[in-house]
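Trainee: Got a structure for you, questions after.
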Amino acid sequence: MIRVRFAPSPTGYLHIGGLRTALYNFLYAKQNNGKLILRIEDTDRTRLVSGAVKNLISTLEWSGIEFDEGPHKEGKFAPYTQSKRLSIYKEHTNLLISNGNAYPCFYSQERLDTIKEKDIPSDIITKYDRRYRDLKTDEMLERMQEENHVIRLKIPSDGSIKINDQIRGDIDFDLSLIQDQIIIKSDGYPTYHLASVVDDHLMEISHVIRGVEWIPSLPKHSLLYQAFGWELPKFIHLPLLLNEDKSKLSKRQGDVAVEDYINSGYLKDALMNFVALLGWHGSDDKEFYSIDELLDNFSIDRVRSSGAVFNVQKLKWFNQYYIKNTTNPILLNLSKKYLPDDWDVTESMINLVKDSIETLSDIKSKLSIFFLYSTDINKNTIDQFFNDKIFTLLNEFIIEIDTKKSITSDDFKFIINTIKSNHSISSNVWKAIRITLTGNEIGPDLAKTVEILGPAKCINRIKLFLSDHAN
């Protein structure tokens, strides 16, 4: 059976690259009637962030990615949090020591201080530490009881190893360039390398789908599998995510946390569609995919090896498309968190502005024309768009709608055009009316805006404007 896993570290937010990894694992598992496992890799105790696990799970639930097993959905391979599996790692480490594939490396506090003070290069340290490789078992066990130590895996000092990646093919690694890696730290916790390999084997992971940054760890992991006598899973390393300047995607140049995009008002379908295309493309030029369509079309064979540029403008374009195609009731409900509680927003308002919205966080400014009004207009604007004839038109418009309870967009255009004709007004009056009624030179369809505002509010705004600006 196909079994894949997504294994984030709870060191903060879910990175956008992590979301892509989780999505690709999800698609691959579901396409092959396999299982997707969520595993929390929290063995680096110095980087843990309180509440990060809960945040990771809630963000993944928001994305629609469904896990078959995990800390929130127990299965037969529990626990799915590595800090709860320490006895398992200890047992397997002892096995490696007993079969001669690992050894303790002893660190006195004096030696640690010397290394720190003299800034000794790591390759020199490692060569020095290799003298512990051949300690007799009795001495080794006795010193382990009394002295600070880590456990290292024995790496062959020469030769090479070839490992297959399903995207890049066979990759050769020179073993002489690889140090004896630490697999158990001095605090007793395993390093990522040991814990990941042990868990992947025990949880029967068939395919390891993860970011390309883990390729340098491949030989270490392969040697661990060999040391245990286990079969390697299939490896699939996803392309790097890049900023637009082709540097590695980082927070220095923009948001990288999925939570930031959620809070900014990106729709789930837009973000997941966009993320799916960061390194993969279908067999045609299609760009818009629902999750069901991704399940039908996604293929590891079409994941490229070169880096994928994270273009925020392209993401906004995707989001705008999905907003336009979201029904007004749903969009109104999604928008509420971005709007003041005392704004009585209607579906007709949403429908009027939705085509101009890139993210839901824009919606407050777009709808402000209906709830906020000021006659504080730049004098140059007044001089440019207003004259006596425009003021006459505005006064007559008040008279025409004074007794009306409502006004349609067609009514509005008919009334204005009639007044224009009666007074032989040849200038373009629409921008002047928009400025009068909304305080802005640009905005959504003016006639529909007037229809939503209604006669009473239009009259009140025109009177306020005239009192401040008409002679």
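Trainee: At 1.4 Å probe size, what's the solvent-accessible area of His15? Round to the nearest 10 Å².
Mentor: Surface accessible to solvent at His15 totals approximately 60 Å².
Trainee: Please label the shape of region 146-202 as rounded, prolate or oblate, based on the square roots a ≥ b ≥ c of the eigenvalues of the alpha-carbon gyration tensor (a/c under 1.5 means rounded; beyond that, a/b larger than b/c means prolate, else oblate). Present the calculation step by step, with values, prior to reporting the outcome.
Mentor: Values: a/c = 3.72, a/b = 1.55, b/c = 2.40.
Cα axes put region 146-202 in the oblate bin.
Trainee: Under a plain spin-label model, where a point goes 7 Å from the Cα along Cα-to-Cβ, how far apart in nm are Ser356 and Asp172?
Mentor: Placing both labels 7 Å along Cα→Cβ, they lie 6.2 nm apart.
Trainee: Quick one: Karplus J couplings for region 344-355, per residue in order, coefficients 6.51, -1.76, 1.60, θ = phi - 60°, nearest Hz, x for Gly and Pro?
Mentor: Taking θ as phi minus 60°, the curve returns 8, 7, 10, 5, 5, 5, 4, 4, 5, 9, 4, 5 Hz for region 344-355.
Trainee: Using a 1.4 angstrom probe and counting only protein chains, how large is the accessible area of Trp230 in Å², to 10?
Mentor: The accessible area comes out at roughly 50 Å².
Trainee: Per residue, how many Å² of accessible area does region 418-471 show with a 1.4 Å probe?
Mentor: Numbers: 2640 Å² over 54 residues.
On a per-residue basis, 49 Å².
Trainee: List the residues, sorted by chain then number, that are 5 or more residues from Gly211 or on another chain and whose placed amide H is less than 5 Å from its amide H.
Mentor: For Gly211, whose amide H was placed from the backbone, the distant partners under 5 Å are Leu238.
Trainee: Can you figure out the FRET efficiency of Lys162 with Lys54, using R₀ = 51 Å and their beta-carbon distance, to the nearest 0.05? Numbers along the way, then the final one.
Mentor: Details: r = 42 Å, r/R0 = 0.82.
That pair, Lys162 with Lys54, gives E of 0.75.
Trainee: Which loop trypsin sites (Lys or Arg not before Pro) in region 191-282, with loop taken from DSSP, have no more than 13 other Cβ atoms within 10 angstrom of their Cβ? Can you show the working numbers first?
Mentor: Numbers: sites: Arg210, Lys220, Lys234, Lys246, Lys248, Lys251, Arg252, Lys268; in loops: Lys246.
Sparse-neighbourhood loop trypsin sites (Lys or Arg not before Pro): Lys246.
Trainee: In Å², and per residue, what accessible area does region 257-391 have when probed at 1.4 Å with the other protein chains present?
Mentor: Details: 6840 Å² over 135 residues.
Ligands and nucleic acids excluded, the result is 51 Å² per residue.
Trainee: Sticking with this one: How compact and how long is region 209-351, expressed as Rg and Dmax of its alpha-carbon atoms in Å?
Mentor: 19.8, 67
Trainee: Stick to the Cα atoms of region 1-109, pair each with every other, and give me the Kirkwood hydrodynamic radius in Å at one decimal. All intermediate terms of the calculation are to be shown ahead of the outcome.
Mentor: Details: mean 1/r = 0.0641 Å⁻¹.
Roughly 15.6 Å, rounded to one decimal.
Trainee: If you roll a 1.4 angstrom probe over the protein chains with everything in place, what fraction of the accessible area of region 135-211 belongs to carbon and sulfur, to the nearest %?
Mentor: On the way: 1640 of 3670 Å².
The C+S portion of the solvent-accessible surface of region 135-211 is 45 percent.
Trainee: Each label point is 7 Å from the Cα along the Cα-to-Cβ direction; what then is the distance between the points at Asp245 and Asn311, in nm?
Mentor: Taking the two extended label points, one gets 1.9 nm.
Trainee: In terms of modelled amide H atoms, which long-range or inter-chain residues lie less than 5 Å from the amide H of Asn164?
Mentor: Here Ile171 satisfy the definition.
Trainee: Take the Cα radius of gyration of region 14-78 and divide it by 2.2 N^0.38 Å, with N its residue count; two decimals is plenty. Provide the component values of the computation, followed by the final result.
Mentor: Working: Rg = 12.3 Å, N = 65, 2.2 N^0.38 = 10.7 Å.
Ratio of Cα Rg to 2.2 N^0.38 Å: 1.15.
Trainee: Near Lys324, within a Cβ-to-Cβ distance under 10 Å, what is the net charge of the other residues, with Lys and Arg +1 and Asp and Glu -1? Before the final figure, lay out the partial values.
Mentor: Numbers: positive: Lys354; negative: Asp355.
Net of charged neighbours comes to 0.
Trainee: State the answer as a single residue: which of Leu394, Thr346, Ser374 lies farthest towards the positive end of the charge dipole of the chain, with beta carbon charges of +1 for Lys and Arg and -1 for Asp and Glu, about the Cα centre.
Mentor: The listed residue farthest towards the positive side: Leu394.
Trainee: Let me ask something else about it. Using the 2.2 N^0.38 Å rule of thumb for compact globular proteins, work out how region 135-292 stacks up: its C-alpha Rg over that value, please.
Mentor: In units of the 2.2 N^0.38 Å rule of thumb, it is 1.37.
Trainee: How high is the relative contact order of the chain, given as a whole-number percent (alpha carbon pairs under 8 Å, six or more residues apart)? Write down the numbers at each step before the final one.
Mentor: Numbers: 623 pairs, mean separation 58.6, N = 471.
Relative CO of the chain lands at 12 percent.
Trainee: Next up: Considering the values (i) 44; (ii) 57; (iii) 40, which represents percent of Cα pairs over 32 Å apart as calculated for the structure under consideration?
Mentor: Among (i) 44; (ii) 57; (iii) 40, the one derived from this structure is (ii).
Trainee: To continue, here is another question. In what order, largest first, do Leu367, Leu141 sit by accessible area if the probe radius is 1.4 Å? Mind dumping the intermediate values first?
Mentor: On the way: Leu367 0, Leu141 90 Å².
The ranking, largest first, comes out as Leu141, Leu367.
Trainee: With r as the distance between the Cβ atoms of Ser290 and Phe414 and R0 = 25 Å, compute the FRET efficiency 1/(1 + (r/R0)^6) and round to 0.05. Could you put the intermediate results ahead of the total?
Mentor: Numbers: r = 43 Å, r/R0 = 1.73.
E(calc), rounded to 0.05, equals 0.05.
Trainee: What does the extension gain come out to for Glu231 and Thr46, with contour length at 0.36 nm per residue minus their alpha carbon separation? Working shown, then result.
Mentor: Details: separation 185, 0.36 × 185 = 66.60 nm, distance 3.22 nm.
Contour length minus the Cα-Cα distance gives 63.4 nm.
Trainee: How much of the DSSP bridge set in the chain is antiparallel, in percent, rounded to the nearest 5?
Mentor: Counting only bridges with both partners in the chain, antiparallel ones make up about 55 percent.
Trainee: Something else now. Return the whole-Å distance between the Cα centroid of region 287-334 and the Cα centroid of region 159-220.
Mentor: If we compute the Cα centre of each part, the gap is 32 Å.
Trainee: Given a 1.4 Å probe, how much area per residue of region 1-104 is accessible, in Å²? Each step should come with its number before you reach the end.
Mentor: Values: 4340 Å² over 104 residues.
Solvent-accessible surface per residue comes out at 42 Å².
Trainee: With +1 on each Lys and Arg Cβ and -1 on each Asp and Glu Cβ, how big is the dipole of the chain about its Cα centre, in debye rounded to the nearest 20?
Mentor: Details: 59 positive and 65 negative charges, 45 e Å.
That gives the chain a dipole magnitude of about 220 debye.
Trainee: Need the list of aspartates and glutamates near Lys286 for cross-linking: C-alpha distance under 18 angstrom, and skip anything on the same chain fewer than eight residues off.
Mentor: Output for Lys286: Asp269, Asp296, Asp301.
Trainee: For the pair Lys336 and Glu146, what calculated FRET efficiency results from E = 1/(1 + (r/R0)^6), where r is the Cβ-Cβ distance and R0 = 45 Å, to the nearest 0.05?
Mentor: Details: r = 63 Å, r/R0 = 1.41.
It comes to 0.10.
Trainee: Same structure, new question: Using only the alpha-carbon atoms of region 311-464 as identical scatterers, what base-10 log of I(q)/I(0) does the Debye formula give at q = 0.15, 0.20 Å⁻¹?
Mentor: Summing over Cα pairs of region 311-464 leads to -0.84, -1.24.
Trainee: Ignoring any ligand, DNA or RNA, what whole percent of the accessible area of region 308-421 comes from carbon and sulfur when the probe is 1.4 angstrom? Write out the running numbers ahead of the final one.
Mentor: Working: 2930 of 6370 Å².
Reported share for carbon and sulfur atoms: 46 percent.
Trainee: Sticking with this structure for a sec: Helix-only mean residue ellipticity at 222 nm, the chain, DSSP H runs n ≥ 4 weighted -39,500 (n - 2.57), per residue, nearest 500. What is it? Could the numbers behind the result be given before it?
Mentor: On the way: 20 runs with 218 residues, N = 471.
That calculation yields -14000 deg cm²/dmol at 222 nm.
The values are calculated or read from the model by the stated rules, or taken from the named source; none is laboratory data. The shown structure was predicted, so the numbers you read here are calculated from the model rather than taken from an experiment. Glycine gets a Cβ as well: all are built from the backbone with ideal geometry, and neighbour counts include every protein chain shown. Please note that ligands, DNA and RNA were not included when accessible areas were found on the heavy atoms of the full protein model with its side chains. Shrake-Rupley method; radii C 1.70, N 1.55, O 1.52, S 1.80 Å.
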